[in-house]
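Down below is the structure, laid out as structure tokens.
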Amino acid sequence: MTDAALSRPAPLPRPGEALLDKLLSGRGIWPAVPAIVVLVVVAVIPFVMLLSLGFSDIEMSRGAIVSQTFSLAHLTGALADPLYWTTFQRSLSLALSTMLICIVFGYPVAYLYLIGGRWTRRLILILTIAPLLTSGIVRTYAWLVILGGRGVVNMTLMQMGLIDRPLRIVNTHWAVLIGMAQIHLPVMILPLIAVMSRQDRRLEEASANLGASRMGTLRHVILPLSAPGIATGAALVFTLSYTTFVVPQLLGGGNYLNAATMIYEQVVYSLEWSKGSVTALILMVTCLMVLVVIALISNHFTRWTKGRDA
């Protein structure tokens, strides 16, 4: 081979070959293209359609949209309607109450998983994951059997002589709260277990060697370090509780109005698509606002924990 051949530069790849090489090697943004396409189809396009329906006046004929003109009347009307404020206040209160109940009952289970042996951990995981294998509708109907007029709770109380006639539990706010707390409790426990299992056990040993009691170690070491798990579980439980439809519809008896049931009635029964779109938009925005607050609180406690560790 001559010196001229050795000094000759290698030919540049053609654009098609370079693109094919990136696709095959998995470099750049190309591996994420399928996920981006799916996200655009199932999230972005429906969201844009939702906005277009909420900010427009629609004329329909035989179930089809004939004309659509831009309007803010539905949004301003919803913000000025006392029924909207009452409904969203009830939805927010129900979701926050469910979130707090799940934290109170879920954290001891996660802590028991942390200090338990191998078989205790397996049992807790089985009991936590098993309800998730059953549909939420089935579990809600189970609560109808438990809390009904001739259900397990009333029959037990009557046999014990504590009550003379069945209590009215179903079709009340308390029935909805009980059902939502039980259905969403595993969603709180699993993130707590995931975060607490990654904690360095030597910190607990150091706390005990320094004279701290088990309760003091839990309060000053384990609890601050598990703040990310609490925040993650709280965000998941709040989102599911704030946007749920099945539990209030079944345990509330069809008369329990929250944001999700309001959207259902506006879209399905009244065929007021613009109002339903505006309600869904308000629901999404308020949910995101609460999630931002939860994230800020979590970041505050995380920085506080890191500052103490430093």
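The values are calculated or read from the model by the stated rules, or taken from the named source; none is laboratory data. What you see is a predicted model; the values in this text were computed from it and never measured. FYI the Cβ positions are ideal-geometry reconstructions off the backbone, even for glycines, and counts take in every protein chain you see.
Brief remarks on what is shown
- Close pairs (8 angstrom Cβ cut-off, 6 or more residues apart or separate chains): within 15 Å of A280 (Cβ to Cβ) and touching a residue at least 12 places away in the same chain (Cβ under 8 Å) in segment 37-51, surrounded by 10 or more Cβ atoms within 10 Å (Cβ to Cβ) and of a type outside the set (V, I, T) anywhere: L50/S277; L50/A280; L50/L281; L51/S277; L51/L281
- Sub-8 Å Cβ pairs linking a first residue in segment 214-236 that is among the polar types (S, T, N, Q) to a second residue that is in a helix (DSSP H, G or I) and surrounded by fewer than 18 Cβ atoms within 10 Å (Cβ to Cβ), at least 6 apart or interchain, are T217/A208, ordered by first then second residue.
- Residue within segment 212-219 that is among the hydrophobic types (A, V, I, L, M, F, W, C), in a helix (DSSP H, G or I) and surrounded by 21 or more Cβ atoms within 10 Å (Cβ to Cβ) present: no
- Helices (runs of 4 or more DSSP H) enclosed by segment 133-208 - at least 1 residues per element that are in contact with a Gly (Cβ under 7 Å, 6 or more places away or on another chain) and modelled with pLDDT of 90 or more: 173-197
- Those residues of segment 82-133 which are under 14 Å from L257 (Cα atoms), β-branched (V, I, T) and surrounded by 13 or more Cβ atoms within 10 Å (Cβ to Cβ), in sequence order: T87
- Failed item in (1) touching a Cys at 6+ places or on another chain (Cβ under 9 Å); (2) within 30 Å of T69 (Cβ to Cβ), with T239 passing the rest: (2)
- Yes/no for Q199 being over 21 Å from G252 (Cα atoms), over 24 Å from the mean Cα position of the chain (by Cα) and touching a residue at least 40 places away in the same chain (Cβ under 8 Å): yes
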